[in-house]
Each structure stands twice: as C-alpha cells, then as structure tokens.
1. Checking the conditions here, which among 65, 96, 61 is over 30 Å from residue 173 (Cβ atoms), in contact with a strand residue (DSSP E or B) (Cβ under 7 Å, 6 or more places away or on another chain) and either part of a loop (DSSP other than H, G, I, E, B) or hydrophobic (A, V, I, L, M, F, W, C) (or both)?
2. Would you mind stating whether residue 156 is at pLDDT 90 or above, in a strand (DSSP E or B) and within 30 Å of residue 186 (Cβ to Cβ)?
3. Quick check on residue 246: is it touching a residue at least 12 places away in the same chain (Cβ under 8 Å), touching a Ser or Thr at 6+ places or on another chain (Cβ under 6 Å) and surrounded by 13 or more Cβ atoms within 10 Å (Cβ to Cβ)?
4. Evaluate the following for residue 190: is it modelled with pLDDT of 95 or more, more than 30 Å from residue 60 (Cβ to Cβ) and part of a strand (DSSP E or B)?
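The values are calculated or read from the model by the stated rules, or taken from the named source; none is laboratory data. No experiment lies behind these values; they were computed from the predicted model shown. So basically every Cβ, Gly included, is an ideal-geometry build from the backbone, and we count neighbours across all protein chains shown.
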Amino acid sequence: MVEVAEIFREHGPEYLAKYGSRMPRVHLRVMRDIEQCRTPVLGGQFSMGVTGLFGRSAATLDGTLTAGLRGLAAERMGSISDSITSVGDLYPMMTLKWNSGVHNFMTYATGDIPVGAYDPSRIVNIGIGHGAIDGGGGYTYLNPATGHTFSGVAGFTYNFKNPDTGVQSGVDFHFDWSAAQFLSKQTFVGLVGYAYQQVTDDTGQHPILGGFRSRVLGVGPQIGYIFPVGDMQGYLNLKAYGEFDQANRPAGWNAWLTFAISPAAPTAATPTRHLVTK
C-alpha cells in the first residue's frame, strides 16, 4: 500500500515549486511532518519528548475570624500573600497520532518528574512535590480551506504519594479543549477551556478533611501568531482562563504565554519529476 508520506517525498518538491509560495505555513509544516514520518507505529506517527517550564505563581489569602462570648463579639481580619518565580517539574511525553483528512486522532502517555521548586510550607509552588502518571486521547478537526480548527483532549492522572506531606491525591479526570479561526495564514483567534474533576479520595490527610475531592472549570480567550525566524518558524500563543465552579481548590485568572521555534518547511524546490496535477 502506498502511504501519503511516500507520495509527499516523491512528488512534494515539484508541487512546492509550483504552489509553495501560495501555501500557508501551517500547511507546509503538516506536509513536512508527514514526509518525516518514515516508520509507522500501529499505522500512526509516534513521537516522544520532554517538556520543562519556568514561571511565576502568586496568591493572597484574606480571612476574617469572629468570636462571641456572653453577648460580646470580637473580630479579627488578616491577609497572607506569597509568590514564587522559579523552574517547574519535567514532563516526559509519548504520543501516537493518526490522520484522516481533516480529522486527527491521538493517544498519549505522560508523567511528572518532581524536580521543580516545591516547599510544603508555602502557599504557592511551581512544582507539585510528587510524581504522577497520565494517559488519555484526543481529537483535532483542522480544515485548511475554512480555517476552522477544534481540539479536545481527555485523560486520567494517577498521583504518587507526596513524601513531604504523606498525602496521596486521588485519581483525577481532566478535559482540555480549544476552538480557533484562522484570520490569515499567520494569525488565529479563539477560545480555550478545561474541566478538572477528582474521581477518587485523597489518602493520608487529616480525617476531618474527608475525601477532599477537588473540581474546577475554566474558559477564556486565545490568540496566536505564526511568523518566520530566519530559516525557522516561530509560534506565539497567548491564552487566559477564568476559573469557576471550584471545590476544595483556589480559583481565579491565569494566563499562559507560549513561544516556540521549529524548522520551517521549504517554500520552493527544483523539479526533478513530473508535476502533480488534479
């Protein structure tokens, strides 16, 4: 059976020579990725890597204590703030992806290597203080003709015991989604969101806390831009989430800025075989 990658490798240079200058960069990148997929795994494209992060986290807790005794009342107010700027944990990732026209499917396995900044006495941390294993799958719809794209990824996380606190968080379910519209070959805007629900109880905590299952939902805007960086391709994405419907965890606004540089697909090549025609 002839594979798409084989067709791209054989006829791609001629096609790019004729149409490459009019193709969006995202299409060129997809074409390049397909060409480089030379060893299918279960009929899909396998990849693996490790992600690290650097960031800042800040939080403020405000509280009011009211006490009454024999008709007398006393009230005390207080506030505690904390912030940290440091490196986070490492996240190894393995993915297996399949493509069928505008439909894309994937399954993944990842985890958390707890090497980031963590102190159990702090209000906020960059690292989580314990290892974890995560697995799930996702779907992406990408229509180059209309510029519509939608992605959804769902999975479960198993958390190991925190050696500093002796607490082991329960298994959690999470779902992340993104919807966007390309306004041009380089710019897109849209919405992002996520849902988090703990499905089993924590263990090792004080009995007064019970199972302490947590939950939170988030939604917000995003904007992205794809641009050339020399002979490479740059990617910039800004997204923000407003959290709500939380239980046993804080909620607020958080923003993520992503910047990545990757090899860009060539925009022209010298023909060596006959041109592909419709």
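1. 65
2. In short, no.
3. Working: touching a residue at least 12 places away in the same chain (Cβ under 8 Å): yes; touching a Ser or Thr at 6+ places or on another chain (Cβ under 6 Å): no; surrounded by 13 or more Cβ atoms within 10 Å (Cβ to Cβ): yes.
So residue 246 does not fit the description; no.
4. yes
For (1) assigned to a strand (DSSP E or B); (2) buried (at least 18 other Cβ atoms within 10 Å of the Cβ); (3) among the aliphatic types (A, V, I, L, M), each residue gets a yes or a no:
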{"site": "116", "(1), (2), (3)": "no, yes, no"}
{"site": "121", "(1), (2), (3)": "no, no, no"}
{"site": "134", "(1), (2), (3)": "yes, yes, no"}
{"site": "150", "(1), (2), (3)": "yes, no, no"}
{"site": "180", "(1), (2), (3)": "yes, yes, yes"}
{"site": "196", "(1), (2), (3)": "yes, yes, no"}
